[in-house]
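Participant: The structure under discussion is supplied below as structure tokens; questions concerning it will follow.
The values are calculated or read from the model by the stated rules, or taken from the named source; none is laboratory data. Computed from a prediction, not measured in an experiment: that's the story for all the values here. All Cβ positions, glycine included, derive from the backbone under ideal geometry; neighbour counts span all protein chains shown. Surface areas here come from the heavy atoms of the whole protein model, side chains and all, with no ligands, DNA or RNA. Shrake-Rupley method; radii C 1.70, N 1.55, O 1.52, S 1.80 Å.
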Amino acid sequence: MGLSRSAALAHLLACCLASLIAVQAIASTLPAADAPQQHQPVAHAAAAERAPGAAAHSASNASSPGSQPLSPAATPLRLWIDDFFFAEGETTLLKEAIAEAGVGTAVLAGVTRNRVLQLKSYQQTGKADVLWTGRLGCYEAFKRRLNASHAVSCVPGTQAVSDKAGLAASLEAAYGPAAGGIVPRSFRLPQQYTALAAHIKQEQRSGRSGGLWVLKEDAHRGKGVGVVSPPAALLGALQRAPGGRAGSVRHVLAQRFLENQLLIDGRPFYIRLWAVLMGADPARAYLFDGGVVVFGQRQRAGQSHDALIVNLWTQDRSAAAPWSLGQLEAHLAAAAAATAKQDGNSADSSREGSREGSSGPGSGSDARSSGSGAEADAVRRLRPRLHAGVAASLASALPSVRRSAAALPGFQGGSFEVLGVDFLVDASLRPWLVEVNFLPSMARKLVGCNATSATAAGARSSSGDAGSSTGASSGSASDGDSGGSSGGSSGTAPSAGACQQDNPFDVQKERFVRSLLGLLAQRHRQLAPAQRQPEQLLQAASAAAAEGEAAPCLDAGQLRQVAALPGEQAAAEALGFVPLTELMYRCLECAASWQQQQQQGQVGAGSGDESPRSEQDGAGSSSGVGGGSECAVLAELAPPPEGPAQAQQQRQQCSAPTGRVERLRARLRRWRERLFLEGAALAPWVLNPKARWQAMASPPPTQPFPLLPADQRMLAWLRRGSPPLDSPQAVQGFCAAAP
């Protein structure tokens, strides 16, 4: 009886498998479902999915850099989209951009909406040039043979920075103590729990206790982020994951809360930028010269700590619509100009009233005037500092990217990944990197719309977008593009019942998607006529090497990417991108310089150890990195050293005379805080002892971060202005640049 039952089950499975094979065979002989005819526009499909007001977006952005019309190519760029990997609405902007580009520039080769019954993009490599798919689809594509014209929408190994704990680990491995000038002080959990406890206790002993901490889970869309006190941080850092096995932890990162944040109208905010990483060796990086500013709740007395979090998915955008990055810069510049004007009027009044008195060089009006000048300079340096933070984070991911790419035979240099990079801004206008999100949400987010369909479309997003941060800045709503606000005015917030469709979040997203499509189309046009040129140059260079000259240092694929880089960068700049390739390689050089000094014993490891930190935000100093020009990018991000006036003021505050009763109360308060911290640090031994034992184990050794000869050649070539590699002599000159 058992045998017949097994035979029946085997027969049923065989029938199901045969049916699935038949369906796949029939699908392969017919046009793919939801795929338009070859080289036919798909405007009708995109228009059906376009939200109300999308036409207004296109018209209002016709003059922006990211919306320049694309020149038609002889062979249009063919894109295949695996829709089932994405949430609803995530690919609508891409489809609209394809339709707007025109049939001669880009066409939608196919759309896969069913995970089982339809062929995927990686199964149709002969019919598509760009495979727009999820991470699992990317790895399936990389198992196949791809040619130089293919581009896949992910780069393996970027988890090194897109994971919350991975970002802190990568920056620390690359830059050591200088990473404290890029991200707020961070501890990975459970590996660095012991260092976290020691750091909090040291702050308490030095009288700097009371600062808040952010505990982050390995979750997305703004979930799993909480702001807690130091004792609560020690209690919750090793909290067992709900439903997890023994030793599992709920939180993966403890990060110092940035307390001295920029405040505008009492609302927290963070800045979202979009970066594109292309290839691995050589790697290229581009940052979209735009961005959005997302506001949170207006801060009130007595509120909970969680009200400090800016959550993209729960915020009330009808009360405070997002700004563009240009609007924020215009607002800050106008505020700095108003401060300078007010200081100038005060200085004139002071000089008029003290003509007969002594006015030394250290008068208060002069100090205020210099302060307003520093504020204007900080506004001008905000965007370069953002660029440096993005480049430093991408450079720290390159070792992981290259290791992952080397294990995938189908990986080629045309692959790219879109990353959403989030920053906070402190009171001195210094940006702080908090998260790098893979697969950031590209769905429209209508502001203040009461319609269920509109709000639902905005609430759903890609599972890879974190969408939350902790900040304290504010601004009232004002729509518009990155052209900025008029004179830095705060704008007018939409009413609660209004439906603001042309908000900067959607406008900036549309510009970015169109610019990215243009960049991919330009690369496609550039590679088509130059398929054989790299092989011919390498053959000539190899023939010269046979006569005693140096052998070429590049293979055909690498030479093709390097030779196409000048045209790629020119097209990127015309489309509204900022090339970050040279800046990224300079960060690689800086990381190699720090590791070399560490090996020579000149710099401490700094992994969880006490290092010079700012009292308010736990920032580290970049003085531990080599002082050469190669580390100027990290010096730009380093916090300013504490001046003698601040140190003297702090000593005066600490030595202020107090009575005997006050001194006794302060001592008792410190002892009570210390007992609370000691008890909180001992709690994990009872609540999650296995995780506590794991935290005591020695962390795995940090992998080396060398500057490869290929990186040295690439950086030397970029510093020379990227001369064309169109002759065997030029290729030999490129290869001779490495020491």
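Participant: Is at least one residue of segment 415-428 part of a loop (DSSP other than H, G, I, E, B), in contact with a Lys or Arg (Cβ under 9 Å, 6 or more places away or on another chain) and closer than 30 Å to residue 151 by Cβ?
Facilitator: Checking segment 415-428: not a single residue is part of a loop (DSSP other than H, G, I, E, B), in contact with a Lys or Arg (Cβ under 9 Å, 6 or more places away or on another chain) and closer than 30 Å to residue 151 by Cβ.
Participant: Please identify the pairs in which a residue from segment 108-135 that is acidic (Asp, Glu) has its Cβ atom under 6 Å from the Cβ atom of a residue that is open to solvent by less than 10 Å² (accessible area, probe 1.4 Å), counting only partners at least 6 apart or on another chain.
Facilitator: 129/77
Participant: Anything in segment 192-222 that is within 12 Å of residue 251 (Cβ to Cβ), in a loop (DSSP other than H, G, I, E, B) and open to solvent by 30 Å² or more (accessible area, probe 1.4 Å)? List them, or say none.
Facilitator: 218
Participant: Please work out if residue 551 is surrounded by fewer than 18 Cβ atoms within 10 Å (Cβ to Cβ), of a type outside the set (Asp, Glu), touching a helix residue (DSSP H, G or I) at 6+ places or on another chain (Cβ under 9 Å) and at pLDDT below 65.
Facilitator: no
Participant: Looking at segment 110-131, which of its residues are touching a strand residue (DSSP E or B) at 6+ places or on another chain (Cβ under 8 Å) and either open to solvent by 10 Å² or more (accessible area, probe 1.4 Å) or of a type in the set (Val, Ile, Thr) (or both)?
Facilitator: Hits for segment 110-131 are 111, 112, 118, 119, 120, 122, 124, 125, 127, 130.
Participant: For the structure I just gave you, tell me whether residue 170 is open to solvent by 20 Å² or more (accessible area, probe 1.4 Å), of a type outside the set (D, E, K, R) and either assigned to a helix (DSSP H, G or I) or in contact (Cβ under 8 Å) with a residue 60 or more places away in the chain (or both).
Facilitator: no
Participant: Considering only residues of segment 55-82 that are more than 15 Å from residue 517 (Cα to Cα) and crowded, with 21+ Cβ neighbours inside 10 Å, which is modelled with the highest pLDDT?
Facilitator: The qualifying residue modelled with the highest pLDDT is 82.
Participant: Now for a separate question. Return yes when residue 259 is more than 17 Å from residue 442 (Cα to Cα), open to solvent by 10 Å² or more (accessible area, probe 1.4 Å), in contact (Cβ under 8 Å) with a residue 40 or more places away in the chain and in a helix (DSSP H, G or I) and no when it is not.
Facilitator: no
Participant: Enumerate the helices (runs of 4 or more DSSP H) found wholly within segment 630-739, keeping only those where 1 or more residues are at pLDDT below 85.
Facilitator: In segment 630-739, 632-637, 644-654, 660-687, 689-696, 728-735 are the helices (runs of 4 or more DSSP H) which contain 1 or more residues that are at pLDDT below 85.
Participant: Oh, and also: Residue 130 versus (1) more than 28 Å from residue 561 (Cα to Cα); (2) within 28 Å of the chain's Cα centre (by Cα): which is the lone unmet condition?
Facilitator: (1)
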